There are 2 protein chains.
Amino acid sequence: MALKFNDSYANGFISEAEIASISSEVLAAQKTLLDGTGEGNAFLGWKTLPDDYDREEFARIKAAAKKIQKTCDVFIVIGIGGSYLGSRAVIEFLKSSSYNALKKDTPDIYFSGRDISAQSLSELLSICEGRDVCINVISKSGTTTEPAVAFRVFRALLEEKYGKEGARERIFVTTDKARGTLKKFADEEGYETFVVPDDVGGRFSVLTAVGLLPIAVSGVEIDELMRGASDAAKEYAVADVNANAALRYAAVRNLLYRKGYAIEVLVSYESYATMLNEWWKQLFGESEGKDGKGLFPASVIFSTELHSLGQFIQEGTRNLFETIVKVKTPDVSMKVPYDEANVDGLNFLAGTELSTINEKAMQGTILAHVDGGAPNLVIEIDEKNEYCLGKLLYFFEFACGVSGYTLGVNPFNQPGVEAYKKNMFALLGKPGYEDAKAALEARLK
Amino acid sequence: MALKFNDSYANGFISEAEIASISSEVLAAQKTLLDGTGEGNAFLGWKTLPDDYDREEFARIKAAAKKIQKTCDVFIVIGIGGSYLGSRAVIEFLKSSSYNALKKDTPDIYFSGRDISAQSLSELLSICEGRDVCINVISKSGTTTEPAVAFRVFRALLEEKYGKEGARERIFVTTDKARGTLKKFADEEGYETFVVPDDVGGRFSVLTAVGLLPIAVSGVEIDELMRGASDAAKEYAVADVNANAALRYAAVRNLLYRKGYAIEVLVSYESYATMLNEWWKQLFGESEGKDGKGLFPASVIFSTELHSLGQFIQEGTRNLFETIVKVKTPDVSMKVPYDEANVDGLNFLAGTELSTINEKAMQGTILAHVDGGAPNLVIEIDEKNEYCLGKLLYFFEFACGVSGYTLGVNPFNQPGVEAYKKNMFALLGKPGYEDAKAALEARLK
């Protein structure tokens, strides 16, 4: 199985009868998703990706990653939203959230083009000084403001540093397979290109070239990621809410939502999951947050945040539940040292593995939070490796599709993302947006 | 003023009449806070700290910071919750969220003792290899598990590397002024000590030695921080909800809470505010999240997260409002470069400052989100400097006290934080907790 879902700590909040009663909705949602008959069905490419991916491109991704590893010290990934969250989540989860600070034989990886910050951009330029750089710009259209500005800056840097010919070998473009200005430009310039598929939305794109190239550069085995996802695709096609972890998760979170639990907090006990939490927040928040509906997605890293948000979760407004992502088998050993002075009174733990203490902290917290009125769900994967993470990513993607249809929304669009952009372009005086400018400016206070 | 609060974008959601109607409650809460007559009044030391701090200790903090700057490459701050969030927030806000990756003449600063992770701890040990290290352990009692374990590990490292005498010059202890095992041990060993005051809770401790020593090590001017907070203390003592920004903020957020807005999202458009957001989440979440009450504190960095959580905020469940922290005068200049090819169609922005685009993104987003049904509040500080940040920190602390009393809770305790610890100790078999162990284990599933 490699992944287990345990909702028994939610027993006091929802009953098996309630799960049975929502099962027909969830099964119908699953059928809609599998048959491709629901809203947003032009964006279901992620479903079959783990088996149907382009082998030729996959081999080119691995070759490009090797080339990047050999030729640069700093690899800059330029992309926003789904164009960086998936790769960053996988790299940090499997390598480290301190990946760049650690000694290693792969390049440092920085994520740029995610904001409109002069400080972030100028800092990254200073970090690149005296070091060899490659870039991967990821944008379907090539016109999204944040990555476009960063691409202008770093392309200029590379051309100045290596000349036009040299820069060509260091610029990798992930974009539309045929249309769009970026594809056209990349072909003209002779950059190597990879494909953002038409039928995969940004937040579902981690297992396309969008995610896989940066992931491969970090040294993660992308074949194993795909194998985990492929096995997951088979398991979650089973039409049984009790045997199918993704369906059961979709059922339980919809039930809790209907009972007034408005916030889902994704929990991990290791900081390497910080960006996985962020990826999950986009996946569920952008898929379900529409039509005035949806669970607000939040996240915490414990035990750290037991000392900041723990109080609220234990005793605050009773409108949240927690979903814990846990790795069963620890992969790093470190024991509490014995201390003659025993200043802290912790000698009863001397010789105990930190992973054991961390697990007891988790168990103690689950029981405390359940007692405090916060339902707890647990997703457990066997090991911190590529295979299990591939499975976990697909688990969340599939559960998200089913959950969104159960909620009654189109889980595969994001119409609300355009609203701020239109206003921003009008306020910036972009050609074609002139009409709206004065009206918006009049509303500024 | 240096700090302005603007709630005019919430006009469509709350009226001046409603603000007037809650004003007497807010003024009463302010009076309770200023007079020290409310619940938790043993923990009001933070109120007068900016003027009444210990000058002798303040001078020692600056001297210790200079010594640390001279003698180490890596400075490790060991503390959890309020013992690290304040200093980390200030350092990242005023220096950078990439502080460690940048070239500088101050030490790298790492925060440890925040979790129970073998991976985090062993990675930090590897980062220290071949580099000179100083540590600052911050713990009132000295017995909190997470920092205590880290202190064992790094004290052993320093003693092995520099001998007991050498380590003594590199270990700085911030703890209770008289009681506690850590104070006793530090005195015996001859470590320099600083004080965690009895009357200041962790989340309000950023302007005590807890926050100030690490902050000073990063090169931030702590006198200016205190001066900003001192001016703030005078401004927020004024008993006028309309003229006093802290009172107005407390009034508006309580009104929104009563109208069913259950989530407050703190927003910044610069990643340097990431940890300030986390500090704020502890401050408000731990102060107000009790007795089944409180706004759930969340945070985002835009425009990054407009491409992940933006959809939810624009169109999802209408149970949230946003509070934006904005710096008026940009301090880094960078312009969009002109690009002959104009691949992205952004030449209409060539020569435009990124800060201008970022501001238009903010304005466009505020209008879009308000149109979508999410009230927006704006807190603006004049500049990104010590003085204004000192003022902002005090603004939030004071508003939090007033808001908590208005909500009807004790804003200065955190009884819920103990629940998980008790369970954890019982499950770990800590002497004195044996009775609870079997009962807890029987509940694990």
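The values are calculated or read from the model by the stated rules, or taken from the named source; none is laboratory data. This one's a predicted model, so the numbers in the text were calculated from it and none came from an experiment. Cβ placement follows ideal geometry from the backbone for every residue including glycine, while neighbour counts extend to all protein chains displayed. These area figures cover heavy atoms from the full protein model, side chains too; ligands, DNA and RNA do not enter into them. Shrake-Rupley method; radii C 1.70, N 1.55, O 1.52, S 1.80 Å.
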- Task: Could you tell me whether B:Ala232 is buried (at least 24 other Cβ atoms within 10 Å of the Cβ), in contact with a strand residue (DSSP E or B) (Cβ under 8 Å, 6 or more places away or on another chain) and in a helix (DSSP H, G or I)?
- Result: yes
- Evaluate the following for A:Thr365: is it facing chain B (nearest Cβ under 8 Å), touching a helix residue (DSSP H, G or I) at 6+ places or on another chain (Cβ under 7 Å) and buried (at least 19 other Cβ atoms within 10 Å of the Cβ)? yes
- Query: Which of (1) part of a helix (DSSP H, G or I); (2) at the interface with chain B (Cβ under 10 Å from one of its Cβ atoms); (3) open to solvent by 10 Å² or more (accessible area, probe 1.4 Å) does A:Lys103 not meet, given it meets every other one?
  - Reply: (1)
- Could you grab me the full set of residues in region B:28-47 that are over 11 Å from B:Val402 (Cβ atoms) and surrounded by fewer than 17 Cβ atoms within 10 Å (Cβ to Cβ)? B:Asp35, B:Gly36, B:Thr37, B:Glu39, B:Asn41, B:Ala42
- Note on the structure: Restricting region B:328-358 to residues that are open to solvent by 30 Å² or more (accessible area, probe 1.4 Å) and in contact (Cβ under 8 Å) with a residue 24 or more places away in the chain, the one farthest from the other protein chains (Cβ to nearest Cβ) turns out to be B:Lys328
- Message: Can you tell me how many residues within region B:160-200 are within 11 Å of another protein chain (Cβ to nearest Cβ) and in contact with a helix residue (DSSP H, G or I) (Cβ under 6 Å, 6 or more places away or on another chain)?
- Response: 2
- Query: Tell me, which residue of region B:430-443 that is at the interface with chain A (Cβ under 7 Å from one of its Cβ atoms) and of a type outside the set (A, V, I, L, M) is surrounded by the most Cβ atoms within 10 Å (Cβ to Cβ)?
  - Reply: B:Lys430
- Query: Which condition does A:Ser87 not pass, out of (1) in a helix (DSSP H, G or I); (2) more than 23 Å from A:Glu221 (Cα to Cα); (3) among the hydroxyl-bearing types (Ser, Thr, Tyr), if it passes all the others?
  - Reply: (2)
- From A:Pro375, A:Pro415, residue being open to solvent by less than 10 Å² (accessible area, probe 1.4 Å) and modelled with pLDDT of 95 or more: A:Pro375
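Can you give me the number of residues within region B:268-309 that are among the aliphatic types (A, V, I, L, M) and either over 30 Å from B:Gly38 (Cβ atoms) or at the interface with chain A (Cβ under 7 Å from one of its Cβ atoms) (or both)?
The total comes to 6.
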- Task: Considering each residue of region B:210-259, count those that are over 20 Å from the mean Cα position of the chain (by Cα) and of a type in the set (Asp, Glu), and give that number.
- Result: 2
- Taking region B:312-327 as the region of interest, how many residues are under 22 Å from B:Ile14 (Cβ atoms) and more than 7 Å from chain A (Cβ to nearest Cβ)? 7
- Considering every residue within region B:202-219, establish whether at least one is crowded, with 24+ Cβ neighbours inside 10 Å, within 12 Å of chain A (Cβ to nearest Cβ) and either closer than 16 Å to B:Cys400 by Cβ or of a type in the set (Lys, Arg) (or both). yes
- Task: For residues that are in a helix (DSSP H, G or I) and out of contact with any strand residue (DSSP E or B) (no Cβ under 9 Å at 6 or more places or on another chain), scanning just region A:118-151, find the one that is surrounded by the fewest Cβ atoms within 10 Å (Cβ to Cβ).
- Result: A:Ser126
